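See below for the structure under consideration.
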């Protein structure tokens, strides 16, 4: 009976002695190796790692012909940047360039698969929204300082320019409008033949369709932007904390890429003819 009690105690004591004598040596080697890795390997946020892993998996699945899995992986990557945009998480250096390159690699595996292209384009749109969440805009001026409050959509006729001179102010505040209400109501044709220009303004809130207007030196703040495949002209246009309703086609991919890859302060210049 004494042996049954004493043997486990001796084993525990022996293990304790081994750990005690081996600890300095282990701590010295282990910590130094860990410290060296910590100094050479920059910290990567878990969501960034998951985003990259999802796109790597999408590329592998596409190369293996597992298209459904590749599409699911691309959707998973989109969900990570969508949450990052919602939480306003900071982007690591060169994140948008590397993310765009990863999306390109997914498509390179199966360039003719339209379904995969749509899912990757949806992820690009999510990336554009995340890029937009990184920018900040100055606070709105008071009404006496050029702030125009909109209580209903503003109608614009053909051959009209909207700028600080015609508005008596440079800040168009549509935050009182419903979230998906159009800020500027245009002619139904929505093409450049109407010769409508919007220039040198900040536009906040609500929603706006971009087709058919020449936008120049405009900043959108917290606006839901739509594009329906028509003529598009953006010259030095910024998007701050905006959301995008873009088609999952080549045009949507080009617009979202231009937004995601826009250098600071995020000004976008792109022109597209009408879709055929």
Query raised in the report: So how much slack lies between residue 188 and residue 114, counting 0.36 nm per residue of separation and subtracting their Cα-Cα distance, in nm?
Result: 23.6 nm
Report summary line: Per GNM of the chain with C-alpha springs under 10 angstrom, the most fluctuating residue out of 230, 205, 146 is 146
Query raised in the report: Peptides 179-190, 123-134: what's the order by average Cβ count within 10 Å, highest mean first?
Result: 123-134, 179-190
Requested in this report: With an 8 Å cut-off on Cα pairs and a minimum separation of 6 or more residues, tell me the relative contact order of segment 170-276 in percent.
Outcome: 22 percent
Report summary line: Rh_Kirkwood(the chain) over Cα pairs, Å, one decimal, evaluates to 21.9 Å
Query raised in the report: If the viscosity is 1.306 mPa s and the temperature 10 °C, what translational diffusion coefficient in µm²/s does Stokes-Einstein give for segment 143-272 when Rh comes from Kirkwood over Cα pairs?
Result: 108 µm²/s
Report summary line: Mean separation of Cα contacts under 8 Å (at least 6 apart) over the residue count of the chain, i.e. the relative contact order in percent, is 14 percent
Report task. Only Cα pairs under 8 Å and at least 6 apart count here; give the relative contact order of segment 46-133 as a rounded whole percent. Result -> 38 percent
Query raised in the report: Using mean Cβ contacts within 10 Å as the protection proxy, how do 99-108, 157-166 order, highest first?
Result: 99-108, 157-166
Report task. For n ≥ 4 DSSP H runs only, could you compute -39500 (n - 2.57) per run for the chain, divide by its residues and tell me the 222 nm figure to the nearest 500? Result -> -15500 deg cm²/dmol
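Using only Cα atoms, what Kirkwood radius does segment 114-183 have, in angstroms?
Computed over segment 114-183, the radius equals 15.2 Å.
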Report summary line: Bridge orientation stat for the chain from DSSP, antiparallel percent rounded to 5, came to 10 percent
Query raised in the report: Does segment 164-225 come out rounded, prolate or oblate, given a ≥ b ≥ c as the square roots of the eigenvalues of its C-alpha gyration tensor, rounded meaning a/c under 1.5 and, failing that, prolate meaning a/b above b/c?
Result: oblate
**Report entry** Mean Cβ neighbour count within 10 Å, used as a protection proxy, ranking 254-261, 111-118 highest first
**Finding:** 254-261, 111-118
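Values in this text are rule-based calculations from the coordinates and carry no lab data. Remember, predicted model here, so these are calculated numbers, not experimental data. Note that each Cβ is placed from the backbone with ideal geometry, even for glycine, and that neighbours are counted across all protein chains shown.
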